[in-house]
Structures are given as C-alpha cells and as structure tokens.
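S.K.: Here you go, one structure.
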Amino acid sequence: MVSRKYFSSLGLFLLIIGFLAFTALNNTLLGGFRLDLTENNLFTLSEGSKKIVKSIDEPINLYFFFTQKSSENLPQLRSYATRVRELLEEYALIADGKINLTFLDPEPFSEKEDLATEFGLQSLPLSAAGDELYFGLAGTNAIDDVEVIPFLQPDKEEFLEYDISKLLQSLILVDKPIVGIISSLPVQGDMNMQTFQMTPSWMVVEQLESSFNIQNLADDIEEIPSEIDLLMLVHPKQLSEALLFSIDQFVMNGGKLLAFTDPLAEMDRPQQSNPMMPSAPTDQSSSLNRLTEVWGISMRDNIVLGDSQTALAVSGPSGTPVRHLGILGMGVDNFSEDDVVMSSLESINIATAGILDVSEDPPGNIEGLIFSSAYSMPLDAFQFQFLTNPEDLMREFTPTGEQYLVAARLTGFAPTAFPNGLEGSPGKHLMSTDNISVILVSDTDMLTDRMWVQVQNFFGQQLATPWANNGDMVSNALENLSGGEALISIRSRGRFSRPFDVVQNLRREAEARYLENANDLQTRLAATEQKLTEIQSGQGAGELLVLSSEQEEAIAEFQQEKYTIRKQLRDVRHQLDRDIELLGTTLKFINIALVPILMTFTLLIMNLLHLGKPKEI
C-alpha cells in the first residue's frame, strides 16, 4: 500500500518535471517557428502590411495603452486586447528592430495616464466612481510626428490590421500627398455675381486641407502635372480629348483617381445677375464613360436613381414634409461591409445620383461601395429639372426589386481607353496597367455643404457640425488611395471573436432531425388518441358503454401504442442532448489535446529537417 502510494507520487512528480522540460524544449528549439491555423490568418500580416513595415527607414515608436485593472470585469474586451497585443508583436517581429513597441498600463493618476492624455487618447468611463479605461495606440517617428488611434473599437475588429498599417504609413510618409482637383463646380469658392463677394470653399475641401496638399487644376489644361499624387475629379464636364488622354495615362502609370460624376448636378446652374429672370435649361450632366467603359463600368445617361426606402423628407409646396425619391439617405445596409473606405460610416446623403452599370466581363476587379435598396428604379433625369412637387414622382413609381450601384472601386488589370494614342501626338503611351486604383461615385451633390454639414459663423470663425458622413467618405477614400498599393490591398481580415458557426449549424441540424421525428410521432400520437376517443364515445350520453372483447383489445393496443410513442419522443429528445454533448466533448479533445500534439510533432519534424541541412561555408 505504501509502495503504491510512493510510486503514484513519484509518477506525478516525474510528469510535472517532464511537462516543464517539454515546454522549455519547445521554447528553445521551436521559438522561431510560427504557424497560423486560423481561418482568415488573423495572426499573419498581409503582404500589404509587410511591404509597409519593410519600407520603414528610421525607427518608429508604438505605445499600446490598455488599463488592466479597470477591465477585470470585461472578459471580451480583455480578449480583444490580447489579440491587439499579439498583432502588434507580429509587426515588431517583422520590422526587425525598426519598431520599438511599448505596452503601458495607464493606472489612475499615474505618469502613464498623463502620457495617454498627452497623446489625445480617449478614455471610456466605466463607473460613477470615476473608473476609466484606456484602450488605444499612439505612434511617433524620428521627427516627433504623432499618429494615434484614440480608442480601439472591438466592433471595428475586421479593420484592425488596416488601422495599424495606416498609422505606420502616416508616420513613414512625412510629406503630405498632393491632391489635384479638377472641377467644373466652385468647390474652392467663387465670386457671387449678386453680392460681388467671394463665397467660401466647400467644407469637404477645407476638411481635406488638413491632411493633403490641395492643388486646384483648371478644367481646360491638357496634361496632369507630374507632381500630382492623387487626382480628384468633381463633375468632369466637357473635358477635352487631350485632358481625358492625360487622365487615362495618369491612371495607367499608377496614379490614383477619385471621380464624382452626375447625371443631374443641382449645383451646375449658371449664376444670374438678375434673379428675377428665369434661367434657361442647361446640360447638368457629366460622366467619364469615355474612359471607364473600357475598364468595365459606365454611368447611365440621363438616368437618376429613385429609391422609396431611403428617400428623405423635404418641404413640399404647402410646407408639409414630403418624401423625395431623388434625395436619399443611404445607411449601413447600403454600404459595402468589407471595404475600409465605408467602414465606421453610418449615413451618406445623395441627391439625383446616377446608376453605374458593370459589364458582364470586366477586365479587372469592380467592387461595389454604395448600393440602393431593392425598392428603387431608374427615373428620367428630365423629371427632376423642373420638379415643383416631389409627390409627383410617386405616381408612376414601381420598384424593380433590383439594387443599383452608386459607387464602386476598380482594381486589378485595366486597358487604356486610347489604344491608338492621342490623335496628332505620335509619342509613346502606356497600353494597360496591372493594378488600377480608381473610386467612382455617380453623384456630386453629396459634396455640397447642404447635404451633410451645418456651417455657422462664430465671431468670424466658421464652425462646422456634420450630421452625415459625406465628408468622412471622401477623406477615407483619399487616405486609402494615398497609402499606395500596399495599404489599398489590405481588406477586412475577419473577426477574432467569432461565434461557433459550425457548432450552431450542427445543433440546428440535430434539432431539425428531432423536430422531424417529433412531428411524425406527434401525428401518430394524435391519431391514436382520436381513435381512442371515437371508441370510448361510441354510445350516446347517458347510456352505459358496453364494449365488446374486440373493442377492449383495440383500446388496449392503442393505449400501448400511445405509451410507446411518448417513450420514443423522450428518446429522441435525449438523443439530441447526447449528440450535442458528444460534439462538445469531441471539440474539447481536438482543441485541448489533438491540435497541440499534432503541432508539436509537426514543428519538431520541421526543426529536425532544418538542423539536418548542410551549412554553407
């Protein structure tokens, strides 16, 4: 008895020693090996992120702030913080010393909390006692530029890698990208012919000036200047063939293009020195179909998108609110879920927007950014030019059930729209590009202040209060395009905190089988009880029920069948529970034992093969 107890204790001691030795051996021999078995490779940086990291010339400092004590009762947030930390460590590992990563726990009234406040990080209040949570990232470069992510929102987990890479890209690129704007609309202000005073720039352009070097280009130039990094076209109306050719070659040569076209631009109306005189009808449309048709996408001529589901209310002739089929408030359901340009946006307002059609076999990739609802249809642009009552649009409105494209991103291969070059210019030109970078939007009115921002004059200063995300979309698009191919290539990577979809599907299948068997058994049970009722109520009320031996035997059989069916129902229910428990046990074994064992043996074999290779002298 004593001997058995001695050997049991010795075995337990040796097991512990063996486990510790095995762990130490793994850390020593296999520490450099990394294997990501997650579905979306969540712990592996994309090629775009690796390219950005490899382009770091001078060291970059990253400071990850997370309040440990305040988050003790927030297990999901702590799990996400671990995910962020491990991803940052992956960046630092690939950077090979070019990223100095520091983890900080900003406790209340500490110097680390002061540093978080100095960087401009946002704190999340957790209680009335004043507990706050910091969960953000700050970065600095050699010339003390600062970029921050004020709060790492778990609901933006799909774009975590993009946000970190974008922060690094901003610290690497010291000079602001140069954005050339060509517009036939007064986006940068104009002279008011009635008051003879300058009107201010549109707020969307003023917002861009903080992040970009804006250059206004005349719409009658014939060539895009070589220093332009990004080109933004707003209502490109009646551009010359030479300018269209220059835009085409700008894109073929790797230039990034953001274009806003429109079948009916409400701001495209000539100014009248005498407001009492009616204005003559003018062509208020613009398109880039001359270029984009060969790229696989085009805007319908003289067609405006009407959408009853997203229609916004405007003031009608009598002053009462009336829904306008052409003035639309697009929400999250109308945005692409997987594109970083549309991430975190909640609403975008558009007016008399066009419809983009994608060809059956486009040469490159075309991904939709903004869609209409299914309660929409194409409308003739002429209906809107002299519209006085928006209710008139509803009279013949019949939704087609189709969702129409309003904005799209073009990537991949694209041929030139000028295969023979520009007539009269025999010089060489590029015939195609392997990675076009274009975002096309079929509305210009969304850029006007009235569609998304309220501007007030406060003691000579303009205060802007956005009530929609129109300006944010433009900023997102240009920031994404300015990041180059590396940043553009980074898309949503999936979620770390995922529901057990496979388990849920198996559970649903098991429940479906249960319900199918249960419904069949319930039908049989109801039929049996019905027969029993018919036999037992064979005679009228008040009469004694005299049953023959055959009837008594039939009742006994039906009673037995009733008990058998009820037992089968219980067995089906128990079998469902056993299937679910077995599934859980199997998953636990795979996750806890089988996968670690297989990974350990795989890494050991890889290490042995690596050690067995002859060394070069």
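S.K.: For the pair GLU557 and SER55, how long in nm is the line joining their label points, each one 7 Å along Cα→Cβ?
M.R.: 8.5 nm
S.K.: Place the peptides 597-609, 397-409 in order of packing, highest mean first, counting for every residue the other Cβ atoms within 10 Å and averaging per peptide. Before the final figure, lay out each step's value.
M.R.: On the way: 597-609: 12.5, 397-409: 17.9.
The most tightly packed comes first, giving 397-409, 597-609.
S.K.: Sorting TYR63, TYR162 on the 10 Å Cβ count, fewest up front, what's the list? Walk me through the numbers on the way to the answer.
M.R.: On the way: TYR63 20, TYR162 24.
By the 10 Å Cβ count, ascending, the order reads TYR63, TYR162.
S.K.: Once Rh is set to the Kirkwood radius over Cα pairs, what Stokes-Einstein translational diffusion coefficient, in µm²/s, holds for segment 47-171 at a temperature of 20 °C and a viscosity of 1.002 mPa s? Walk me through the numbers on the way to the answer.
M.R.: Numbers: Rh = 14.9 Å.
Answer from the Stokes-Einstein relation: 144 µm²/s.
S.K.: Tell me the net charge near ASP472. Cut-off is 11 Å between Cβ atoms, ASP472 excluded, with +1 for each Lys or Arg and -1 for each Asp or Glu.
M.R.: Values: positive: none; negative: GLU346, GLU479.
Every neighbour counted, the sum reads -2.
S.K.: To continue, here is another question. Using per-residue counts of other Cβ atoms within 10 Å, averaged over each peptide, order 145-155, 416-426 from highest down.
M.R.: Details: 145-155: 16.6, 416-426: 13.4.
The packing order, highest mean first, is 145-155, 416-426.
S.K.: Could I ask something else about it? In nm, to one decimal, how far is the ALA593 label point from the TYR375 one, both placed 7 Å along Cα→Cβ?
M.R.: 5.7 nm
S.K.: Could you give the length gained on full extension between GLU118 and LEU387, defined as 0.36 nm per residue of separation minus the Cα-Cα distance, in nm?
M.R.: Working: separation 269, 0.36 × 269 = 96.84 nm, distance 5.37 nm.
Length difference between fully extended and current span is 91.5 nm.
S.K.: Continuing with this model, one more query. Could you pull out every residue, at least 5 positions away or on a different chain, whose amide H is within less than 5 Å of the one on ASP190? Hs are placed 1.01 Å off N in the peptide plane, and Pro or chain starts have none.
M.R.: For ASP190, whose amide H was placed from the backbone, the distant partners under 5 Å are THR199.
S.K.: Right, another one. Out of residues 5 or more away from ALA353 or on other chains, whose amide H comes under 5 Å of its own, with H placed 1.01 Å from N in the peptide plane?
M.R.: LEU305
S.K.: Between their Cα atoms, which of LYS50/LYS256; LYS51/LYS176; LYS51/LYS156; LYS69/LYS176 are more than 31 Å away from each other?
M.R.: Numbers: LYS50/LYS256 21 Å; LYS51/LYS176 20 Å; LYS51/LYS156 23 Å; LYS69/LYS176 40 Å.
From LYS50/LYS256; LYS51/LYS176; LYS51/LYS156; LYS69/LYS176, over 31 Å: LYS69/LYS176.
S.K.: What's the ranking of 108-117, 224-233 by average number of surrounding C-beta atoms within 10 Å, highest first?
M.R.: 224-233, 108-117
S.K.: If you don't mind, there's one more thing I want to ask. Assuming R0 = 60 Å, can you tell me the calculated FRET efficiency for the pair GLN456 and THR602, based on Cβ-Cβ distance, to the nearest 0.05? Working shown, then result.
M.R.: Numbers: r = 64 Å, r/R0 = 1.07.
That gives a FRET efficiency of 0.40.
S.K.: Another question about this same structure. Please give the FRET efficiency for PHE103 paired with VAL332, using the beta carbon to beta carbon distance and R0 = 30 Å, rounded to the nearest 0.05.
M.R.: 0.35
Rule-based calculations on the coordinates, nothing more; no lab input. Quick caveat: nothing in here was measured; it's all calculated off a predicted structure. Methodologically, a virtual Cβ is constructed for each residue, glycine included, from the backbone with ideal geometry; neighbour enumeration extends over all protein chains shown.
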